[in-house]
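I have placed the structure first, in the form of structure tokens, so that the comments after it can refer back to it.
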Amino acid sequence: MEKWITRSVALLCAVGSTALLWTFGIFVAVPWREGRILALNSIELQVIGIPLIAGIAVAWGALHLLVVAEGGSRVYRAARIVLLLACLLAIWGGSAWSSAHIG
């Protein structure tokens, strides 16, 4: 029974990390499109950096919870790849959404 609880909390963390990275994609799209990603002020760096750092930390936590539930099994190896792809797609999706709705 404990494995299901750990798996469900890991899934909740994985969903949260993709949401944070989607938010990162939204906030990084405009400076990237304007070509001023290296000329951000401190407030813009915070707005972009917090979802990025928090999203990476929560994804890392999800992976640690999965290793507690699954060990080094095939499920864990597949979940790592799926989570990585989901995070990358979330960043891409956020920036695509931002580009379509903002500019």
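The values are calculated or read from the model by the stated rules, or taken from the named source; none is laboratory data. Small disclaimer: the values here were computed from a predicted structure and weren't measured. Because the Cβ atoms are built from the backbone with ideal geometry, glycine has one as well, and the counts that use them run over all protein chains shown. Ligands, DNA and RNA are stripped out before the accessible areas are found, and what is left, the full protein with its side chains, is counted by its heavy atoms. Shrake-Rupley method; radii C 1.70, N 1.55, O 1.52, S 1.80 Å.
Could you look at the range 11-69 and say what percent of its accessible area is carbon and sulfur, using a 1.4 Å probe and all protein chains? Spell out each step's value before the answer.
Values: 2830 of 3540 Å².
That fraction is 80 percent.
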- Note on the structure: Read-out Kirkwood radius over Cα pairs in Å, candidates (1) 16.6; (2) 16.0; (3) 14.5; calculated match is (3)
- Just going by the charge dipole of the chain, with Lys and Arg at +1 and Asp and Glu at -1 on Cβ, which of Pro51, Trp4, Ser95 is farthest out on the positive end? Trp4
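Using a 1.4 angstrom probe, figure out how much accessible area the range 4-103 has per residue, in square angstrom, rounded to the nearest whole.
Working: 6350 Å² over 100 residues.
Roughly 64 Å² per residue, with all protein chains present.
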- Task: Take the Cβ-Cβ distance between Ile37 and Ala100 as r, set R0 to 22 Å, and report the resulting FRET efficiency rounded to the nearest 0.05.
- Result: 0.65
- How large is ³J(HN,Hα) for each residue in the range 6-12, as worked out from phi by the Karplus curve 6.51 cos²θ - 1.76 cosθ + 1.60 (θ = phi - 60°), to whole Hz, x for Gly and Pro? 5, 5, 5, 5, 4, 5, 4
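Could you sort His64, His101 by their accessible area in this structure, using a 1.4 Å probe and putting the largest first? Please list the in-between numbers first.
Numbers: His64 95, His101 125 Å².
Solvent-accessible surface, decreasing: His101, His64.
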